[in-house]
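The next block holds one structure in the form of structure tokens; read it before the comments.
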Amino acid sequence: MAGPTMPKNLLDVCAPGRDGIGASPLRPDGILKVRGDFAYASDLWHEDMLWGTTLRSPHARARIRSVDVSAALALPGVYAVLTHEDIPGSKFYGLEIADQPVLAIDEVRFHGEPVAIVAADHPETARRAVDRIVVDYDVLPAIGPAQALDPERYGYVHAPADYKAHASGNVVHSQHIRHGDGDSAQVRARAEVIVRGEYEVGMQDQAFLGPESGLAVPAEDGGIDLYIATQWLHVDRQQMCPVLGLPPEKVRLTLAGVGGAFGGREDISMQVHACLLAQYTGKPVKIVYNREESFFGHVHRHPATMVFEHGATRDGRLVFVRAEIVLDGGAYASSSPAVVGNAASLGIGPYVVPNALIDATAVYTNNPPCGAMRGFGAVQMCFGYESQMDRLAAELGLDPVELRRLNAMEQGSVLPTGQVVDAPAPVAELLRRVEAMPLPAAEHRHTGDGVDVRELPGGVSNSTHGEGVVRGIGYGVGIKNVGFSEGFDDYSTARVRLEVVGGAPVALVHTAMAEVGQGGVTVHAQIVRTELGVDLVTIAPADTRVGSAGSTSASRQTYMTGGAVKSAAEAVRGAVFERGRLRRGWPPDLVAGLRLVGGKVVDRADAVVADLVDLLGDEPVDETVEFRHRPTQAFDRTTGQGFGHVQYTFCAHRAVVDVDVELGLVKVVELAAAQDVGKAMNPLAVLGQIHGGTTQGLGLAVMEEIVVTEGRVGNPSFTDYLIPTILDTPPMPVDVLELADPHAPYGLRGAGEAPTLSATPAIVAAIRAATGLALNRVPIRPEHLTGT
Amino acid sequence: MRVTFTVNGRPTEADDVWEGESLLYVLRERVGLPGSKNACEQGECGSCTVYLDGAPVCACLVAAGQVQDRAVGTVEGLADGDTLDPVQQAFVDAGAVQCGFCTPGLLVQTHDLLNRAHHPSDAEIREALSGNLCRCTGYEKIMDAVRLAAARKADARGTAPAGSEG
Ligand code: FES
Ligand code: FES
């Protein structure tokens, strides 16, 4: 990018510190971020650049009779107004199914769907131009999840002819699981107690703080350079090339600073629009969504309706689970098929159940499209099955933690998919640990003077001094898969280069991993220091000049791109030793015992064999490696059988809440967590993941929901869509367990998502304990507690 | 219109400013200081927090014309050359920075808090930072960072942490 100066984080960044894996060195981007020098995608600037803006549908479902752009084009300062007719290549894109129009064609299917795009010399000019575009809509009744399952009566979200490639009707995807004898009459007869529950999860938003943004710069070769905040550079490119009519080598992506992601950047949003405008105008085009547009611009967490039946013996052994799950996929497929696979295969939770019958379906509706969000199908289920475990415990008169421990899966357990768990699965141990953590003081239960109202439900609105406040405690535990599942060829690429710079050995790490805040770049430097015994590590910007790193999602990057960096460093080390063998005649038995430590090649007895600087000279060693986890299998669509997931990860929570039962206000007093991470590659970053994930689970429990009425989004702002503030978020003590997974690099386990699962049911259980209410829906609102 | 003000002590002029442009837009797009962030532009997230005549404000809510002849301080002005302000250093050291998008606003708000209160209690910290959203950290490490910065500043002043409010 040509600007006054290249932003520093788009150049090689030095990773400070001397620490290898298991330590917590400072993050290489930390200083830039606290100085305000770290360039996020919305901060980029280019001489002569234009601003792009999007016209979006005000209707959930309508036929487009006509679009008139002439008044917009006539506005001084406007360079382009494009509709689907101006797209040079394919008019559709999509992560798994290319069913989403780049710009609406003849019909809009959700509130906020892009219809036209504008480029102008000032963002305000672009906005005014958008207001001058005249679209004649024929508004149709929106199809919701209830209607979607009866298309004969209510119609199709997509014309039936569009379905050739995948499912039929309004079903995006379904997955069934038949385990043991399901819920046959004999099985049901064996259950001495059966509890049934219907649960609902509202639509949650990722609400990353850095809005969707990017800068597309037309290049002299007719291609485009895109600087972008995303989760997966290569799959963005794969979806854009057919639209732009350009080969991959002419669409080059570089990761700009990313202000959080949480799944919301897995699909493309403004990427292709900015490139189309740049291609058309021949000028650099920047698009920055504002918060309202961001709510319309990315997919959300699937709302879910779930019906569960749990059967057990009197002494608390699960006999069967029956689950029927409907996920609202919204207007386009996004990653709904994979979300359905997760919901079904993880649908009974981290428990051993001899018989299960699970049906999970995602439907097309005229609601906003839903796709990836942290926890990916496992979050909704965890609220359902954990609510059921509490219900069952109450029915049996058992302690809820005891019931969970009694049925907890462990290494060697068989899952409903037939998969045998072949790594530690310390579910009972995590529950034991979280239960054993000291409880917070109970002082705020007392009324009167000396109470700090900031510690009470309602806070400084001073609605109580402790009267009417009841404390409750609840537990939850969850299971999440790590990495891409169901036979997907999941790989990551890393390039490591070792060379002498200024008289010292320096390692450069180059991957396409999207650093979205999680700290992967810190871990890469730690891995290289551990493997190559050098202090100085440099991180190259992530871009498409190196092979794909896969997505920063599915808790997979430390495992996958971390694994690739480890493999590439091992290849570099091997090449260094090979150089010694060839040039210095090192015998094979010496080479077999060599290591790299402190910039030296040392033998088994720690004696220095060579100085790395001398051995390297001015010939760098440069290796690129593709790393794959062991293969998985697709689930059988009707029985759900298959080795579908590569790794499992577990977290348990204990929530302590105070509830003002008169006003329906909830204060979460403490959220304690215990999680197994296999190996804490960077303990500080692991805590950050657990705290952050836990807080998003808190948000889902008591505040976060995109309110959609007949397809219309009612609260696209931080004024009306509330995420936890520092006042809403309690202390979160964490106990980290490290039981190595023998199949994973360093034994590590993906850590980012598991804590997002169990916080929600733990909080709801605590509120149930305080109020005695059933509470079958999240988020819980005050009126659910007061019955008004 | 033209707006003349100081930013981080430097006299600054912004030309061709539209009516309705915010201070945030002028800082980010006209005077080359994109450190203050644009997460909501509605006064809800605190990412754009800057000093205006010494008091923290949401730059997205301040009309550009309102800063005529006034003094603005941004995250870019907190460090003294290569030396970070103790608040900045504490955020890096404590692990309070993940994606970092909330960080500039939190730094200015914390900087102001620690100028007013040398030894804030946890409740005071939470109250002071309640207008600054962070989606990544769950705030635990931000609490640690503020406590760490307060302790280091107290050390530098040679005062004991049990002292009175600043
Ligand atoms: S951008 Fe100003 S408060 Fe959010
Ligand atoms: S660190 Fe990402 S929003 Fe705070």
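The Cα center of region A:204-280 and the Cα center of region A:735-769 differ in position by 32 Å.
Extension gain, A:VAL613 to A:SER66: 0.36 nm times the residue separation minus the Cα-Cα distance gives 190.0 nm.
Taking Cα centre as origin and charging only the Cβ of basic (Lys, Arg, +1) and acidic (Asp, Glu, -1) residues, the dipole magnitude of chain A rounds to 860 debye.
Given axes a ≥ b ≥ c from the Cα gyration tensor, I'd like to know whether region A:376-501 is rounded (a/c under 1.5), prolate (a/b larger than b/c) or oblate. It comes out oblate by the Cα gyration axes. For the Cα atoms of chain B, what angle does the longest principal axis make with the long axis of helix B:103-116, in degrees from 0 to 90, nearest 10? So the inclination is approximately 60 degrees. Under 1.5 on a/c is rounded, so check that first for region A:289-429, then, if it is not, pick prolate when a/b is larger than b/c and oblate when it is not; a ≥ b ≥ c are the square roots of the alpha carbon gyration tensor eigenvalues. Taking the square roots of the gyration eigenvalues as a ≥ b ≥ c, region A:289-429 is prolate.
Putting +1 on Lys and Arg Cβ atoms and -1 on Asp and Glu Cβ atoms, find which of A:TYR491, A:PRO541, A:GLY593 reaches farthest to the positive end of the dipole of region A:491-628. Towards the positive end, the residue furthest out is A:TYR491. Summed over all non-identical Cα pairs, the Kirkwood treatment of region A:433-540 gives a radius of 19.9 Å.
Could you work out the local net charge near A:MET560, counting Lys and Arg as +1, Asp and Glu as -1, over the other residues with Cβ closer than 10 Å to its Cβ? List each step's numbers first, then the result.
Working: positive: A:ARG556, A:ARG628; negative: A:ASP490.
Net charge around A:MET560: +1.
Apply the a/c threshold of 1.5 to the C-alpha gyration tensor of the protein assembly as shown and tell me whether it is rounded, prolate or oblate.
On the way: a/c = 1.18, a/b = 1.09, b/c = 1.08.
Rounded is the answer for the protein assembly as shown, as its axis ratio a/c remains below 1.5.
Helix by helix, which DSSP H runs in chain A go 20 Å or more along their axis at the Cα atoms and have an average Kyte-Doolittle hydropathy of -0.5 or more? Going by DSSP H runs, the hits are A:378-396, A:557-584, A:683-702, A:754-771. For region A:617-718, the list of GluC sites (Glu not before Pro) that fall in a loop by DSSP and count at most 16 other C-beta atoms within 10 angstrom reads A:GLU662, A:GLU710. Around the Cα centre of region A:491-628, unit charges on the Cβ atoms of Lys, Arg, Asp and Glu (plus for the first two, minus for the last two) sum to a dipole of about 280 debye. For region B:129-134, backbone phi angles converted through the Karplus equation (6.51, -1.76, 1.60; θ = phi - 60°) give residue-by-residue couplings of 9, 5, x, 10, 7, 10 Hz, Gly and Pro being listed as x.
How crowded by other chains is B:41-52, given as the mean number of beta carbons from other chains within 10 Å of each beta carbon?
Working: counts 6, 6, 2, 8, 6, 2, 3, 0, 0, 0, 0, 0.
Whole-number average of other-chain Cβ neighbours for B:41-52 is 3.
Charging the Cβ of each Asp and Glu at -1 and of each Lys and Arg at +1, and nothing else, the dipole of region A:1-126 about its Cα centre rounds to 400 debye. Percent of alpha carbon pairs in region B:3-77 separated by more than 21 Å? Here the tail beyond 21 Å accounts for 11 percent of pairs. The distance between label points at A:ALA159 and A:GLU200 comes to 3.4 nm (points 7 Å beyond Cα on the Cα→Cβ vector).
Largest first, the extents of the alpha carbon coordinates of region B:59-166 on the three principal axes equal 44, 31, 30 Å. Enumerate the aspartates and glutamates that A:LYS8 could reach by cross-link, defined here as Cα to Cα under 14 Å, with residues fewer than 8 away along the same chain left out. Of all the aspartates and glutamates, those that pass the test against A:LYS8 - Cα under 14 Å, at least 8 places apart if same chain - are A:ASP29, A:ASP37, A:ASP43.
Estimated at 0.36 nm per residue, the fully extended path between A:LEU11 and A:ASP606 surpasses their Cα-Cα distance by 210.5 nm. The aspartates and glutamates whose alpha-carbon is closer than 17 Å to the alpha-carbon of A:LYS250, local same-chain residues fewer than 8 away aside, are A:GLU220, A:ASP221, A:ASP225, A:ASP236, A:ASP543.
Between beta-carbons, use under 10 Å as the cut-off and find the net charge around B:LEU113, counting Lys and Arg +1, Asp and Glu -1. Could the numbers behind the result be given before it?
Numbers: positive: B:ARG116; negative: B:ASP112, B:GLU124, B:GLU127.
Neighbourhood net charge equals -2.
The string of couplings for region A:95-108 from the Karplus curve (6.51, -1.76, 1.60, θ = phi - 60°) is 5, 10, 9, 7, 10, 9, x, 4, 9, 3, 10, 6, 8, 10 Hz, one whole number per residue in order, with x for Gly and Pro.
FYI, it's all coordinate maths here, none of it is from the lab. Treat the numbers as computed from the prediction; the structure is a model and nothing was measured. Ideal geometry is used to build each Cβ from the backbone, glycine not excepted, and the neighbour counts take in all protein chains shown.
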